[in-house]
1. I'm checking a number: the convex hull volume of the Cα atoms of segment B:144-224, normalised per residue, in Å³. What is it?
2. Roughly what % of Cα-Cα distances in chain B sit above 33 Å, to the whole percent?
3. Taking the Cα of B:VAL22, stepping 7 Å toward and past its beta carbon, and measuring to each backbone N in segment B:236-263: which are under 14 Å?
4. Under a Cβ-Cβ cut-off of 11 Å, what is the net charge of the residues other than A:VAL153 that fall near it, where Lys and Arg count +1 and Asp and Glu count -1?
5. When the chain is fully extended, how far beyond the present Cα-Cα distance does B:HIS336 get from B:SER3, taking 0.36 nm per residue of separation?
6. Relative contact order of chain A, please, whole-number percent, based on alpha carbon pairs below 8 angstrom and at least 6 residues apart.
7. From the alpha carbon gyration tensor of the protein assembly as shown, can you work out the equivalent ellipsoid semi-axes (sqrt of 5 times each eigenvalue) and give them in Å, largest to smallest?
8. Would you order A:SER50, B:SER289, B:SER55 from fewest to most other beta-carbon atoms within 10 Å of each residue's own beta-carbon?
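Any read-out appearing in this document is the output of simple, stated calculations on the displayed coordinates, not a laboratory observation. Keep in mind that this is a model prediction, so the values were computed, not measured. Ideal geometry is used to build each Cβ from the backbone, glycine not excepted, and the neighbour counts take in all protein chains shown.
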Amino acid sequence: MISFKIPEKIEQSVVIMETIAENMMRPVSRYFDEHEHEIPWDYIEFMHSSQKAMGGGGTLTDADKKKKKEGPSISFQRLAFTSEILSWGDVGMWLCTPGGGLGGAAVNATGTPEQKERFLSNYRGEKPVFDAMALTESHAGSAMPAEVRTTAVQDGEEWILNGEKIFVTAGNKALVDSDGFVVIWATIDPEAGRAGVRPFVVEAGTPGCSVTTMEHKLGIRSSDTVSILLQDCRIPFDNILGSPEVVTKKKKTEKGFKGAMATFDATRPLVAASALGIARATLELLKEMLQEQGVEIRYGLPRSKMTNIEREVVDMETMLRSTWLLTVKAMWLADERKANTIAASMCKVKAGDVVVKITQRAVELMGPLGYSREHLLEKWFRDAKINDLYEGTGQINRLIVARRILEYSRHELS
Amino acid sequence: MYSFEPSEEQRMLIDAVERYAVNDLREAARDAEESGEIPPALIEKGWEMGVLQASVPEQYGGFGEHSAVTGVLAAEAMACGDLAIALAVMTPSTYVMPILYGGTEAQKEELIPPVIEAEWKPYVAAITEPQFDFHIGEMSTIAKKTKSGYSLNGEKAYVPFANQAESFLVFAALDGKTQAFIVLPDAEGLTVGEREKLLGIQALPTFSLTLEDVKVPTDARLGGDDGFDPASVIASAQFTISAMAIGLSKAALDYALPYAKEREVWGKPIAQRQSIAFMLAEMAIEIESNRLLAWEAAWMLDNDQDAAKAAYLALTGASDTAMSVTDRAVQVLGGHGYIREHPVELWMRNGRGISTFTGMAMV
C-alpha cells in the first residue's frame, strides 16, 4: 500500500539530527571551509560518543549489525534522512562523520559475517574511527573497476599490494588520524579485466601503505581527499572481502566487480540525499533572504501570474521534492531487499543536477549577496558540485540508467 | 512507513486499465484525433471499468471507498493510452468529485447516484476561462447573491460535451472565493458556443460557454448556504492531471525506446549512441521522480493533510515533464517523429496543454 508516512523512529532521529546540524555544524561551517584540513574534532567526538551510546556504527545499516531486526527494516531510509539533514548542516563535516563511511559500506556490501564483525566492531571502541574506500587511480575514474592497475599478489598467508589510489575521501582520517581502515580495490589477475578485481581491507599502521597527497579542493574542505601509495604492502590473507574460495580456484567470476556495484547501490542514494541536503539549505536561505528584502513567494499561481523569482523558487522546490522522493524510494527498495540499481543511479543523476542548478541559481538571484563570503550561498555553490562527480559522475550514472532501460550490456552501450 | 508499492487490488485495477489503454485507446487514438470523434462504445467501455464508481461510497450509488491514490494510479494508466479519450471517460468525475468533496449530504444523495448508477453520460464541469493567466483560485466568472439564489456571469472554455451535457457544475467567484453551482443545460442565459479548435486533444469535443445573468436557486450552490472549501477540489484537479501527464510521458518514452533500438545509423542502433541513450535515460528519470509528486499529493489528501502545495508542485513538475519528454520522443524519432503516422507528434501537442488542462479530470 503506497504510503508517504515517515516512520516514527526516523521522525524521532530527525529531531536529534536537526539539533546537531543547527548547533554543531552551522556555527563552524565557515570556519572549517576557510581552514582546509583542520579537523572538526568537537563534532566528531560528539558523534562518536552518541553513536557508541546507540550501539556504534551509527551510519551503518541493519545488514552490518548482528542484532536480529524487529519489524520491517528502515535503516537505509534512516541513513538517507541522516545524510540529508547533516549535509544541510555542513556537507564537509558530514563526510567527517566517524563510524561507517564508504569503506564500511563496502565491507557491509561484500564482506562475510566474520569480516563485518572484525572490521566494523572498531566503531564501538574508545576513540572515533574512520574508514574510506579507494577505487579511483590517476589514469581512470569512471572506467573503474575495470581498469584497476593496483595489484594484489598472494604470498602464502598474505597479500602484497602495489599501486597508487587517488581521490580517497577521508583517507587521511582513516589511516593517519585514527585506527581505521581503507578498502582498496586491486586486481588479482591483471589479464582478467574487471573479473580480477577484488576489495581488500588495509588497516591503519600497515607498513607499505602511506598517504602521499592531500588535495586542495573547490569545496567540502573539511573533508580530506588524499592519495594513497601502496608499496609492497602486506596484509593478512583474510583481508580480501568476500569468500576467498573464488580466488583459490582461479575461477574468473565477476564477483569483485559486482561487489563494487552493490556498494554503489547503497552509496549513490546516500550521495543523492547529501546533495539534496545542500540544495534544501540553499533554498531555505534563499527564501529567508528574499523575505528580508520583502519578497514573498506565492504558491499555487499559474506561471503567467508569477514573478521570475517566484517561478525560479517554485521550480527549485519541485525538482528538490521529486528528487528527494525518488531517493527515499531507492533506499526503501534497499530496505526491502529489492533491486535498486536503477533507482540508485536515477536519484544520483537528478540530485547531482538539482543541487548544482539550485546553488548556482541562488548565487545568481542574490547578486552581490549571493557572491559574498559573508553568506553561505557561495560555499554551498562550491560544495554542491562534488555531488555530480563522486560515486560516479552524472554521465556514468546516465549510462547505467540507459543500459538498464534499454536492456543493453556495457558492450552494446558505452 | 514509506511504501512505493500499490496494493494487490490497486495492481489489478492498474493492469486492467492499462490493457484498455494500450489495446483500445492507443488503437483508436489517431482516428479519433483526426475525425474529432470518439466512438461512444469506447467511452462506455472505459466507464464500465468503474474507476469513478469504485471511488464513490455505497450510499451514493458507488461500490467503494474514495482513494485519491487509487485514482491517480488509474488516471496515469488510462492517459498512457490516449489523453483525449481518457479525459472523455473521466469527464463525469469533474462533476461528481467536487460534489463528493464539498457537497451537502442532500446534494451527494441527490446528485451523485444518477451519474454513477447509469451508463456514461456527459455530466460536466465548467472551470477554465479563456484568459492567458487563468487561475482556478481566482475566477473571472462572477456569482452574485440574489433574493432567491444566485446569478452567474462570465465565460468558460474547455467545457467538454457542453452541447449534450446532462448538467453543468459551473465554477465561479463569489465574494472572491471560488465556488461551484449546479446549472441545468436549459437555464436561461446559458449559451453553448462553437466547438473549440485546439492544438491537441482534438478527439475530445470541448466548447466555450457563456453565462449571462444565469439564475440558479439557493440549493444549487455546492455545500449549501455556507458553500464549500475548494482546496481539495483544486488539489485533486492538479494531481489528477499530473498523473495523466506522467501517463502521457510514459507512452512517449515507451514508444521512443524500442524505436531507438531498431533505427540504425552508421551500422548500429541509435540507442547505442550516448546522445540518444542519455536522452532516454533523462526521460525515464523525469518520469520516475515526478510521478512520486502526484502520488504524494494524493496520499496527503487521503490522509487529511493539506495537499495544496504538494499538488501544485506535482502539477509544475508533471507539466514540464510532459513537455520535455514528449518533445524528446519526437526528437528521438527524428523527421519521422514529425509525421502523423507516428503518435509522438500528437503526444507532444497534448503535452503542451497539461498546465492548462487543470480541472478536466479529478479523482
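1. Numbers: hull volume 7.9 nm³, N = 81.
In segment B:144-224, the Cα hull volume divided by residue count equals 98 Å³.
2. Details: 17303 of 65703 pairs.
I get 26 percent for the Cα pairs in chain B exceeding 33 Å.
3. B:250-258
4. Combined, the nearby Lys, Arg, Asp and Glu give -3.
5. Details: separation 333, 0.36 × 333 = 119.88 nm, distance 4.04 nm.
Full extension of this stretch gives 115.8 nm more.
6. Values: 759 pairs, mean separation 66.1, N = 414.
That works out to 16 percent.
7. Working: eigenvalues 585, 159, 103 Å².
Largest first, the protein assembly as shown gives 54, 28, 23 Å.
8. Values: A:SER50 12, B:SER289 28, B:SER55 24.
Starting with the residue having the fewest Cβ neighbours, the order is A:SER50, B:SER55, B:SER289.
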